[in-house]
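Visitor: Could you have a look at this structure, given as structure tokens, before my questions?
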């Protein structure tokens, strides 16, 4: 599961740099786009207003919001559903479709807004699936969590040094949890960077928006694989239920539904 999140981070990193190289706009930088809105409003106050800058920044923020909104329509709870109620596979396929559409649409603003929508969809999906610790389309929060986690670990060792005593069981457990969390976060940042590098080189080989077909292929394949796996799993559960063992079916669904809780140990 962690590797899946890292892969999506790489896809987002690639899509973001491809968008910038192609259209001169970052697709997933909601913070930067919001700051650009502020600059545009300040320019209006000074009589130096440029509608294009405001339109671009506002459209990117709104598009990211639309993607997250679409995720909320598809995935209604912070848990994994193996009975088809949560459409994680469909969300990934939809993200892939948005990237493919952006790769072939003419113009500048509409295609990059489609990439922003795909980023919003992916980020919200990962937040719902893995919890808020995992953000795959930007790394500001990731670096914040890395810093605070390292600070907590350092403070535990500082307290140990001040009292000249070994770590107690609770402190060792806290360090273990934070170390696992740190590994996940460091992986997210690293894979986002790697994805960005791959995206740059792919765009150099395939100039223009067609380079988006690479992250589109990865996310689309993942979505189709997920949907196929869920369909097969539900088929097996239906076969078991048809055999009369409803209790076993209920137990299996409960256990699979709680698998996501294991990931929250890194929080």
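The values are calculated or read from the model by the stated rules, or taken from the named source; none is laboratory data. This is a predicted model, so every value here is computed, not measured. For neighbour counting, all protein chains shown are included, and Cβ atoms are generated from backbone atoms with ideal geometry for every residue, glycine included.
Visitor: Any idea which of 32, 47 is assigned to a loop (DSSP other than H, G, I, E, B) and without any contact (Cβ under 8 Å) to a residue 24 or more places away in the chain? Step through it out loud before you land on a result.
Guide: Numbers: 32 fails: assigned to a loop (DSSP other than H, G, I, E, B).
Going through 32, 47 in turn, the sole match is 47.
Visitor: Return the residue satisfying two criteria in turn: it lies in segment 90-102 and is surrounded by 21 or more Cβ atoms within 10 Å (Cβ to Cβ) and over 18 Å from residue 16 (Cβ atoms), and of such residues it is modelled with the lowest pLDDT.
Guide: Top of the filtered list is 91.
Visitor: Same structure again: Need pairs with beta-carbon distance below 8 Å; first residue free of Cβ contacts under 8 Å to residues at least 40 places away in the same chain and within segment 157-174, second loosely packed, with under 11 Cβ neighbours inside 10 Å and part of a loop (DSSP other than H, G, I, E, B); sequence gap 6+ or separate chains.
Guide: From residues that are free of Cβ contacts under 8 Å to residues at least 40 places away in the same chain, the pairs are 160/166.
Visitor: Which one of these is part of a helix (DSSP H, G or I) and either in contact with a helix residue (DSSP H, G or I) (Cβ under 9 Å, 6 or more places away or on another chain) or at pLDDT 95 or above (or both): 60, 25? Can you show your working first?
Guide: Details: 25 fails: part of a helix (DSSP H, G or I).
Result of the check over 60, 25: 60.
Visitor: Just a yes or no: is a residue in segment 32-45 under 15 Å from residue 122 (Cβ atoms) and modelled with pLDDT under 95?
Guide: Restricting attention to segment 32-45, the residues satisfying the condition of being under 15 Å from residue 122 (Cβ atoms) are none.
No, segment 32-45 contains no residue that is under 15 Å from residue 122 (Cβ atoms) and modelled with pLDDT under 95.
Visitor: Another question, if that's okay. Please give the number of the condition residue 139 fails out of (1) over 17 Å from the mean Cα position of the chain (by Cα); (2) surrounded by 14 or more Cβ atoms within 10 Å (Cβ to Cβ).
Guide: (1)
Visitor: While we're here: Among the residues of segment 113-135, count how many are at pLDDT below 85 and at negative phi.
Guide: Within segment 113-135, the first condition is being at pLDDT below 85, and the residues that meet it are 126-135.
Those still in the list that are at negative phi too: 126-130, 132-135.
Adding up the residues that qualify gives 9.
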